[in-house]
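*Asks:* Attaching a single structure in structure tokens format; questions to follow.
The values are calculated or read from the model by the stated rules, or taken from the named source; none is laboratory data. Computed from a predicted structure; not experimentally measured. Counting neighbours? That spans all protein chains shown, and the Cβs are built from the backbone with ideal geometry, glycine included. Ligands, DNA and RNA are excluded from the accessible area calculation, which covers all protein heavy atoms including side chains. Shrake-Rupley method; radii C 1.70, N 1.55, O 1.52, S 1.80 Å.
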Number of protein chains: 2
Amino acid sequence: MLGTMMDYPLVLSVLLERARRLFPDVEVVSRRMDGTRLRRPYRAIHARATALAAALVRAGMRRGDRVGTLMWNHAEHLEGYFGIPAAGGVLHTLNLRLAADDVAYIINHAGDRFLIVDECLLPLFAQVRARVALERVLVVRHSDAPLPEGLEDYEAFIAPGAAGFVAPALGENDAAGMCYTSGTTGRPKGVVYSHRALVLHSMCLAMADTLGMRNADTVMPIVPMFHVNAWGQPFTAPMVGARLVFPGPAPKPEDLLDLMAEEGVTLASGVPTVWMGMVQALDGQPGRWKLAPGVRAVIGGAAPNEGLLRALQGHGIAVRHGWGLTETTPLAACTHAKHGLGDLAPDSRLALTLKQGLPVPLIEARIVNDDGEAAWDGRTSGELQVRGPWVAAGYYEEPGTGDKWTADGWFATGDIATIDPEGYIQLTDRAKDLIKSGGEWISSVALESALMDHAAVREAAVIAVPHPKWQERPLAAVVLKDGAAATAEQLGAHLASRFAKWWLPDAYVFIDQIPRTSTGKFQKTVLRERYRDWRWG
Amino acid sequence: MLGTMMDYPLVLSVLLERARRLFPDVEVVSRRMDGTRLRRPYRAIHARATALAAALVRAGMRRGDRVGTLMWNHAEHLEGYFGIPAAGGVLHTLNLRLAADDVAYIINHAGDRFLIVDECLLPLFAQVRARVALERVLVVRHSDAPLPEGLEDYEAFIAPGAAGFVAPALGENDAAGMCYTSGTTGRPKGVVYSHRALVLHSMCLAMADTLGMRNADTVMPIVPMFHVNAWGQPFTAPMVGARLVFPGPAPKPEDLLDLMAEEGVTLASGVPTVWMGMVQALDGQPGRWKLAPGVRAVIGGAAPNEGLLRALQGHGIAVRHGWGLTETTPLAACTHAKHGLGDLAPDSRLALTLKQGLPVPLIEARIVNDDGEAAWDGRTSGELQVRGPWVAAGYYEEPGTGDKWTADGWFATGDIATIDPEGYIQLTDRAKDLIKSGGEWISSVALESALMDHAAVREAAVIAVPHPKWQERPLAAVVLKDGAAATAEQLGAHLASRFAKWWLPDAYVFIDQIPRTSTGKFQKTVLRERYRDWRWG
């Protein structure tokens, strides 16, 4: 027996249509190349997204065709977010921080037919162009400079408007978006988001206990729109009618803080390194920026350390820590203090926020080790596995990656975690970041986090280095704060109070910066390569 | 091209499973017959719901079989909410305020095989029993009195537990629940809720701008669990881990206020008449009840009047007004002040809350009159039509009701409404409640609402009475407050400042109470019958 309910597919156009009907005058603010701000209301975003959809169909785009975007965060990118899927196409966000080789590989692997690119990114595109077969390339312009031969003006492309456009009837399982993993190891792999997954994820972000995104919010996704759809926020904001503020090309911490203060941002999201930069600016220029009361920071993409959380709180910014992956659309867990934990002392609440949080509604989590599914005791660790309606079931045309899914249908994240009795997930390491010393495991993440709590340390990464006796031993690569000083002995003493003796790094190297991936995460593969022949003293 | 996401069906068991894993110790509090309170944590609710599912399958229940429930709001009813669908059955909530004839009709029409009934409702069941063919009847007991022959103890039925129970693999479009319309006219019609509709609706209730139900809430559904699933809240609360407080059998206003004060209720929901009773009690016994700071009242099922909202606010209770129908699961619209309206003066904000609100995410609304789709200008009225993933597409085995759906797939509510430029829906009347006077329409609802703002009036209903010249003219049936006095002339003068002269009722009758439907709504059909032969002076 089936329900008697409507067959109403969960498709993205419903979200922007709500903005058009209920929130037509709500602004989308975009910081431009020259520092000015474009203000374009949802009414116009809807009209232009529909015009883009119409133009793509006229250009010969068929259902399921991929359209690449190589852009910063701004209104035109938002138009692509909705316009490409509205036409039945697949929004394929390209990571502009990748090397040209990787961008070309990804475009070819995805089979992109069209591309929309920022004029300021044409130098990168120039390195890619000869290696890919794109039929039409549309340039979002920032200047009057002539376009390279064969490239088209995005504005001219959408100028004919939407007259006569008939939206295709889409199924909710149709592909809407595509994103490749950042690939700290191995080549990038593509995840294809269905309309359904993106709509359900949008509903999740609007829940009071997750991001709580609401109509009254002014939302600034600092996280790039090429990084798991800016964590889904560009889809949720029109649904709830929140104002959007986009930081545009290559924003500096001061640019971000100007936007937050002047636009009254109430919800901003980014990786820890971005927030670290903003804290440095806030510390360095006290009183310059007056942020909105109750402003919330969403931190994800990597685990924040305690010092960062304290610093943000000191500046009046509340923190919500989210966790997810490209394969989880991405929000799979986030921190909020449970009912019974509401009266926690500030330090305990902080400790809770450092964890990756509770699985969000509709996402299930478990940890599995050699003994099977592990208890939620906060001590037993194993691989974190998840499932749910916005979790990937496979990669796009990537045979041989099936081992990322268990026989019973869970996604094996490769992260090592514990879950405490309350259900809070705590990542302890990427499986490949664990240091195997004498048959025991050492958590490099825990050591890094503790090192970064030292007053003199800006950043630290701990890696496993081969060792003749213990198999592997930890080496700490440390970046000191400007003008600060600390010796290896001092750092060792700092750690000694928190960890077993055998956990302590056997060596410290002081370097200028930790190598990063294109999305700002520590790139430990580079460090491992650099120190692979380390001679233990 | 399809997405590469998991095929993860949206089924109700996922919601209770989240409570079991993350919120096992959160209490479900139930007021018992004797006034004591049962406290049963989600861990036990889950175990007992699963035991119920196992017992139903052992008893021969097949996929899609209907299981009736004739119960007040309490923990055992919640077990039925999850246990029946978990076994692949259909939870069919029966309205205990209906006449025995109607209950029997509905049981037979739905084809219920099993029934779970409160011991205190056995007198009603005794009138039904001979007219229905139920295989097993399970009684939730409140005493040690012997059970009538052939009836079984619910506790004994579930006592064997869930050992060996294998949950069936359900599809999200499978039927999970069933509810019959209260039928102010015509015979009751059944709506069958799919798992998908109920899960999506649960996600909607957790959004910050709808009910904003969150883990920190203590939720008391005063609205009966037989009335559109207590507006879906028993499904949402376990998902977010909110405490639940159930008022149990036949609660009086004082009982409800005791529960609110002593259990720290933060979110309570009911129809206007229930809230009117609570306001009377609060007014009558100042200082007796200390409610939780920030407590929210959800009002739905009928439009509240201004005086009620002011009174609730005066007692520190914030109001959210929701609108929906049995056919919309039910939440389809609710009030919240939009971003740009945040600085409204208190009176304007109140006026906003009196409207039915904005369509919630994923629900679309339009108004249609003889000229087609009407503009959103706040003046042009027409029939309110809605569509969305939790809107019914038909009634259960009820041929001939297809005219409730338009050719292009919208549900025609039968409500007359306007939508203002901001998107706020305002119901002006049920189509059948409009008074057609001299070719023009008069809104009985507007007149009633204005009458109830008069200091001496407790309740008022305005009906159309046949008129030889004007076809129909309004007659007002008025219930005065205890000890208050008002004449027809005074009431007419009160209305004259707000309405055109030809809108004013031509007659006033003062009565002891307005007849009500089983769900507490004014039953104007009874009044129309009573005054059909009215002799105009």
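*Asks:* On the basis of being surrounded by 24 or more Cβ atoms within 10 Å (Cβ to Cβ) and at pLDDT 95 or above, does B:Ala208 make the cut?
*Replies:* Working: surrounded by 24 or more Cβ atoms within 10 Å (Cβ to Cβ): no; at pLDDT 95 or above: yes.
It is false that B:Ala208 is surrounded by 24 or more Cβ atoms within 10 Å (Cβ to Cβ) and at pLDDT 95 or above.
*Asks:* Checking the conditions here, which among A:Ala486, A:Ala493, A:Ala507, A:Ala500 is under 28 Å from A:Ala281 (Cβ atoms) and of a type in the set (A, V, I, L, M)? So that I can check it myself, show each step before the final result.
*Replies:* Working: A:Ala493 fails: under 28 Å from A:Ala281 (Cβ atoms); A:Ala507 fails: under 28 Å from A:Ala281 (Cβ atoms); A:Ala500 fails: under 28 Å from A:Ala281 (Cβ atoms).
Only one candidate qualifies: A:Ala486.
*Asks:* Among (1) farther than 30 Å from B:Arg516 by Cα; (2) surrounded by fewer than 24 Cβ atoms within 10 Å (Cβ to Cβ); (3) of a type outside the set (Ser, Thr, Tyr), where does B:Leu56 come up short?
*Replies:* (2)
*Asks:* Can you say whether B:Val219 is within 20 Å of the chain's Cα centre (by Cα) and within 13 Å of chain A (Cβ to nearest Cβ), as far as the supplied structure shows? So that I can check it myself, show each step before the final result.
*Replies:* Values: within 20 Å of the chain's Cα centre (by Cα): yes; within 13 Å of chain A (Cβ to nearest Cβ): yes.
Considered against the rule, which asks whether it is within 20 Å of the chain's Cα centre (by Cα) and within 13 Å of chain A (Cβ to nearest Cβ), B:Val219 comes out as yes.
*Asks:* Continuing with this model, one more query. Taking into account only those residues within the stretch B:252-286 that are polar (S, T, N, Q) and open to solvent by 10 Å² or more (accessible area, probe 1.4 Å), which is nearest to the chain's Cα centre (by Cα)? Step through it out loud before you land on a result.
*Replies:* The first filter runs over the stretch B:252-286 and keeps only residues polar (S, T, N, Q), leaving B:266, B:269, B:273, B:280, B:285.
Those still in the list that are open to solvent by 10 Å² or more (accessible area, probe 1.4 Å) too: B:266, B:273, B:280, B:285.
Details: B:Thr266: 19, B:Thr273: 12, B:Gln280: 22, B:Gln285: 28 Å.
Going through the qualifying residues, I end up with B:Thr273.
*Asks:* Go through (1) in contact with a Leu (Cβ under 6 Å, 6 or more places away or on another chain); (2) within 14 Å of another protein chain (Cβ to nearest Cβ) and name the single condition A:Val386 misses.
*Replies:* Unmet for A:Val386, out of (1) in contact with a Leu (Cβ under 6 Å, 6 or more places away or on another chain); (2) within 14 Å of another protein chain (Cβ to nearest Cβ): (1).
*Asks:* Another question about this same structure. Could you please find all residues in the stretch A:507-537 being more than 26 Å from the chain's Cα centre (by Cα) and buried (at least 18 other Cβ atoms within 10 Å of the Cβ)?
*Replies:* A:Tyr508
*Asks:* Being assigned by TED's automatic domain parsing to the domain that holds B:Arg66 and modelled with pLDDT under 95 narrows it down to one of B:Ala145, B:Ala126, B:Ala156, so name that one.
*Replies:* Details: B:Ala126 fails: modelled with pLDDT under 95; B:Ala156 fails: modelled with pLDDT under 95.
None of the other options fit; the residue is B:Ala145.
*Asks:* Tell me, please, whether a residue that is within 14 Å of another protein chain (Cβ to nearest Cβ), open to solvent by less than 30 Å² (accessible area, probe 1.4 Å), in contact with a Gly (Cβ under 8 Å, 6 or more places away or on another chain) and not in a strand (DSSP E or B) can be found in the stretch B:184-193. Step through it out loud before you land on a result.
*Replies:* The initial filter retains those residues of the stretch B:184-193 that are within 14 Å of another protein chain (Cβ to nearest Cβ), namely B:189-193.
Filter again for open to solvent by less than 30 Å² (accessible area, probe 1.4 Å), leaving B:190-193.
Now restrict to residues that are in contact with a Gly (Cβ under 8 Å, 6 or more places away or on another chain): B:192-193.
Restricting the remaining residues to those that are not in a strand (DSSP E or B) gives none.
No, the stretch B:184-193 contains no residue that is within 14 Å of another protein chain (Cβ to nearest Cβ), open to solvent by less than 30 Å² (accessible area, probe 1.4 Å), in contact with a Gly (Cβ under 8 Å, 6 or more places away or on another chain) and not in a strand (DSSP E or B).
One line per residue, one yes/no per condition, for (1) more than 14 Å from every other protein chain (Cβ to nearest Cβ); (2) buried (at least 18 other Cβ atoms within 10 Å of the Cβ); (3) touching a Pro at 6+ places or on another chain (Cβ under 6 Å):
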position: A:Gly382; (1), (2), (3): yes, yes, no
position: A:Ile425; (1), (2), (3): no, yes, no
position: A:Asp429; (1), (2), (3): yes, yes, no
position: A:Ser444; (1), (2), (3): yes, yes, no
position: A:Ala455; (1), (2), (3): yes, no, no
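*Asks:* Filter the stretch A:172-183 for residues that are at pLDDT 95 or above and in a loop (DSSP other than H, G, I, E, B); which is farthest from the other protein chains (Cβ to nearest Cβ)?
*Replies:* A:Glu172
*Asks:* I'd like the full set of residues that are surrounded by fewer than 23 Cβ atoms within 10 Å (Cβ to Cβ), touching a Leu at 6+ places or on another chain (Cβ under 8 Å), of a type in the set (A, V, I, L, M, F, W, C) and within 26 Å of B:Ala250 (Cβ to Cβ), limited to the stretch B:1-50.
*Replies:* Answer for the stretch B:1-50, where residues must be surrounded by fewer than 23 Cβ atoms within 10 Å (Cβ to Cβ), touching a Leu at 6+ places or on another chain (Cβ under 8 Å), of a type in the set (A, V, I, L, M, F, W, C) and within 26 Å of B:Ala250 (Cβ to Cβ): just B:Val29.
*Asks:* A further question follows. With the condition being under 27 Å from B:Leu480 (Cα atoms), I'd like the strands (runs of 3 or more DSSP E) fully within the stretch B:247-361 carrying at least 2 qualifying residues. Outline the logic, then answer.
*Replies:* Numbers: elements: B:267-270, B:296-299, B:318-324, B:331-334.
Where strands (runs of 3 or more DSSP E) fall fully within the stretch B:247-361 and carry at least 2 residues being under 27 Å from B:Leu480 (Cα atoms), they are B:267-270, B:296-299, B:318-324.
*Asks:* Another question, if that's okay. Test A:Thr236 against the criterion of being closer than 30 Å to A:Val103 by Cβ and within 14 Å of chain B (Cβ to nearest Cβ), and give yes or no.
*Replies:* Numbers: closer than 30 Å to A:Val103 by Cβ: yes; within 14 Å of chain B (Cβ to nearest Cβ): yes.
Spelling it out, A:Thr236 is indeed closer than 30 Å to A:Val103 by Cβ and within 14 Å of chain B (Cβ to nearest Cβ).
*Asks:* Also, quick follow-up: All but one of (1) part of a helix (DSSP H, G or I); (2) open to solvent by 20 Å² or more (accessible area, probe 1.4 Å); (3) among the hydrophobic types (A, V, I, L, M, F, W, C) hold for A:Ile106; state the number of the condition that does not hold.
*Replies:* Exception for A:Ile106: condition (2).
*Asks:* Checking the structure you have, find out if any residue of the stretch B:237-248 is among the hydrophobic types (A, V, I, L, M, F, W, C), at pLDDT 95 or above and surrounded by fewer than 23 Cβ atoms within 10 Å (Cβ to Cβ). Break it down stepwise before answering.
*Replies:* Step one: list which residues in the stretch B:237-248 are among the hydrophobic types (A, V, I, L, M, F, W, C), which gives B:237, B:239-240, B:242, B:244-246.
Pick out the ones that are also at pLDDT 95 or above and you get B:237, B:239-240, B:242, B:244-246.
Among the residues that remain, those that are also surrounded by fewer than 23 Cβ atoms within 10 Å (Cβ to Cβ) are: none.
Looking through the stretch B:237-248, none of the residues is among the hydrophobic types (A, V, I, L, M, F, W, C), at pLDDT 95 or above and surrounded by fewer than 23 Cβ atoms within 10 Å (Cβ to Cβ).
*Asks:* B:Ala86 - would you say it is closer than 24 Å to A:Trp390 by Cβ, modelled with pLDDT of 95 or more and more than 13 Å from every other protein chain (Cβ to nearest Cβ)?
*Replies:* Details: closer than 24 Å to A:Trp390 by Cβ: yes; modelled with pLDDT of 95 or more: yes; more than 13 Å from every other protein chain (Cβ to nearest Cβ): yes.
So B:Ala86 fits the description; yes.
*Asks:* When the residues of the stretch B:397-416 are filtered to those that are open to solvent by less than 30 Å² (accessible area, probe 1.4 Å), within 12 Å of another protein chain (Cβ to nearest Cβ) and in contact with a strand residue (DSSP E or B) (Cβ under 9 Å, 6 or more places away or on another chain), which remaining residue is nearest to B:Asp112 (Cα to Cα)? Before you say what the answer is, go through the steps one by one.
*Replies:* Kept after step one, since they are open to solvent by less than 30 Å² (accessible area, probe 1.4 Å), are these residues of the stretch B:397-416: B:398, B:401, B:410-416.
From the residues that got through so far, the ones that are within 12 Å of another protein chain (Cβ to nearest Cβ) too are B:398, B:401, B:410-411.
Add one more test, that the residue is in contact with a strand residue (DSSP E or B) (Cβ under 9 Å, 6 or more places away or on another chain), and what stays is B:398, B:410-411.
Details: B:Glu398: 16, B:Trp410: 29, B:Phe411: 27 Å.
The qualifying residue nearest to B:Asp112 (Cα to Cα) is B:Glu398.
*Asks:* Still on this structure, I have one more. How about the stretch B:316-359: which of its residues are more than 14 Å from every other protein chain (Cβ to nearest Cβ), in contact with a helix residue (DSSP H, G or I) (Cβ under 9 Å, 6 or more places away or on another chain) and crowded, with 17+ Cβ neighbours inside 10 Å?
*Replies:* Result: B:Ile317, B:Val319, B:His321, B:Gly322, B:Thr353, B:Leu354.
*Asks:* While we're looking at this one, here's another question. Among the listed residues A:Ala169, A:Ala126, A:Ala162, identify the single one that is part of a loop (DSSP other than H, G, I, E, B), open to solvent by 30 Å² or more (accessible area, probe 1.4 Å) and more than 14 Å from every other protein chain (Cβ to nearest Cβ). Break it down stepwise before answering.
*Replies:* Values: A:Ala169 fails: more than 14 Å from every other protein chain (Cβ to nearest Cβ); A:Ala126 fails: part of a loop (DSSP other than H, G, I, E, B).
None of the other options fit; the residue is A:Ala162.
*Asks:* On the given criteria, is A:Tyr8 among the aromatic types (Phe, Trp, Tyr), closer than 30 Å to B:Pro85 by Cβ and within 14 Å of chain B (Cβ to nearest Cβ)?
*Replies:* Working: among the aromatic types (Phe, Trp, Tyr): yes; closer than 30 Å to B:Pro85 by Cβ: yes; within 14 Å of chain B (Cβ to nearest Cβ): yes.
Yes; evaluated as a whole, the condition is true for this residue.
*Asks:* Give the stretch B:213-228 a look and list any residue that's over 21 Å from B:Tyr105 (Cβ atoms) and open to solvent by less than 10 Å² (accessible area, probe 1.4 Å), or say none.
*Replies:* The initial filter retains those residues of the stretch B:213-228 that are over 21 Å from B:Tyr105 (Cβ atoms), namely B:213-223.
Result: B:Met213, B:Asn215, B:Asp217, B:Thr218, B:Val219, B:Met220, B:Pro221, B:Val223.
*Asks:* Check B:Ala99 against each of (1) surrounded by 23 or more Cβ atoms within 10 Å (Cβ to Cβ); (2) modelled with pLDDT under 95; (3) of a type in the set (A, V, I, L, M) and name the one condition it does not meet.
*Replies:* (1)
*Asks:* May I pose another question? Listed residues A:His46, A:His74; which is away from chain B (no Cβ under 14 Å) and touching a Gly at 6+ places or on another chain (Cβ under 6 Å)? Working first, answer last.
*Replies:* Numbers: A:His46 fails: touching a Gly at 6+ places or on another chain (Cβ under 6 Å).
None of the other options fit; the residue is A:His74.
*Asks:* Does any residue of the stretch A:90-106 turn out to be in contact with a helix residue (DSSP H, G or I) (Cβ under 6 Å, 6 or more places away or on another chain), small (Gly, Ala, Ser), more than 30 Å from B:Glu422 (Cα to Cα) and away from chain B (no Cβ under 14 Å)?
*Replies:* Yes: the stretch A:90-106 contains one or more residues that are in contact with a helix residue (DSSP H, G or I) (Cβ under 6 Å, 6 or more places away or on another chain), small (Gly, Ala, Ser), more than 30 Å from B:Glu422 (Cα to Cα) and away from chain B (no Cβ under 14 Å).
*Asks:* Of the residues A:Ala392, A:Ala374, which single one is touching a Lys or Arg at 6+ places or on another chain (Cβ under 9 Å), more than 9 Å from every other protein chain (Cβ to nearest Cβ), open to solvent by less than 40 Å² (accessible area, probe 1.4 Å) and not aromatic (Phe, Trp, Tyr)? So that I can check it myself, show each step before the final result.
*Replies:* Details: A:Ala392 fails: more than 9 Å from every other protein chain (Cβ to nearest Cβ).
From the options A:Ala392, A:Ala374, the qualifying one is A:Ala374.
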